[in-house]
Amino acid sequence: MSYSELSKRVHLSAPAVTERIKRMEEEGIITGYKPQINLAKLGIPIRALIECEVHRTKEKEFRAILLTYDEIIKIYNITGATTFIVEVGTKTLEDLDDVLEKMIDYCDTCTKLVMRMPYDNVLPQHIENFISLE
């Protein structure tokens, strides 16, 4: 969204919004900007969340090997028996199975296919509130 549009939403001038965004960047609240990519249009229609219960003593090795997989979208290191949740994107179910086969020596997995993502946004209302309260 443009600074002009944001300024209208928070009832501030565009220069005030620009200054507040610049300050949030300097303070590390806004850490960067990146494109949102439609993987399906790139020929990667299958998205899955893989819960990984890593075998004892294999976590460091598993973490390193994950970084070599081209299919990885995100890696969450979480608490509980499931050590990681790994989001992957593949062209086919066979490709997804290949990813799972690579993981088998390191962890037990539980895979969930993403059917659709009805909401995929990073808290836009909080940014608007932060800008208007400064």
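The values are calculated or read from the model by the stated rules, or taken from the named source; none is laboratory data. In this text the structure is predicted, and so the values were computed from the model without any measurement. When we count neighbours, we look across all protein chains shown, and the Cβ atoms used for this are built from the backbone with ideal geometry, even at glycine. To get the accessible areas, we keep the full protein, side chains included, count just its heavy atoms, and leave off ligands, DNA and RNA. Shrake-Rupley method; radii C 1.70, N 1.55, O 1.52, S 1.80 Å.
What accessible area per residue comes out for the chain, rounded to a whole number of Å², with a 1.4 Å probe?
72
Where does the charge balance sit around THR82 when Lys and Arg score +1, Asp and Glu -1, over other residues with C-beta under 10 Å from its C-beta?
Here the count lands on -3.
Please turn the phi angles of region 55-70 into ³J(HN,Hα) values with the Karplus equation 6.51 cos²θ - 1.76 cosθ + 1.60 (θ = phi - 60°), one per residue in order, whole Hz, x for glycine and proline.
5, 3, 6, 9, 4, 4, 5, 5, 4, 5, 5, 4, 5, 8, 7, 5
Mind checking the angle between helix 124-133 and the chain's longest principal axis? C-alpha axes, 0 to 90 degrees, to the nearest 10.
Orientation of helix 124-133: about 30 degrees from the principal axis.
Can you run phi through the Karplus equation (6.51, -1.76, 1.60; θ = phi - 60°) for region 90-105 and list ³J(HN,Hα) in whole Hz, with x for Gly and Pro?
9, 7, 9, 5, 5, 5, 4, 4, 4, 4, 4, 5, 5, 7, 4, 6
Which of the trypsin sites (Lys or Arg not before Pro) across region 56-105 are loop residues per DSSP, with 10 or fewer other Cβ within 10 Å?
Those satisfying the criteria are ARG56.
Which of the GluC sites (Glu not before Pro) across region 14-62 are loop residues per DSSP, with 16 or fewer other Cβ within 10 Å?
Filter output for region 14-62: GLU27.
Counting only protein heavy atoms and a 1.4 Å probe, tell me what percentage of the chain's accessible area is made up of carbon and sulfur.
54
Out of region 74-106, which chymotrypsin sites (Phe, Trp or Tyr not before Pro) are coil in DSSP terms and have no more than 16 other C-beta atoms within 10 Å?
Sites meeting the loop and neighbour criteria: none at all.
Ordering ILE44, ILE21 from largest to smallest accessible area (1.4 angstrom probe), what's the sequence?
Most to least solvent-accessible, the answer reads ILE44, ILE21.
Restricting to DSSP H runs of at least four residues, report the calculated mean residue ellipticity at 222 nm for the chain, -39500 (n - 2.57) per run over all residues, nearest 500 deg cm²/dmol.
-11000 deg cm²/dmol
Assuming a strict under-20 Å limit between Cα atoms, what lysine pair count do you get for the chain once near-sequence pairs (fewer than 8 apart, same chain) are dropped?
Qualifying lysine pairs in the chain: 15.
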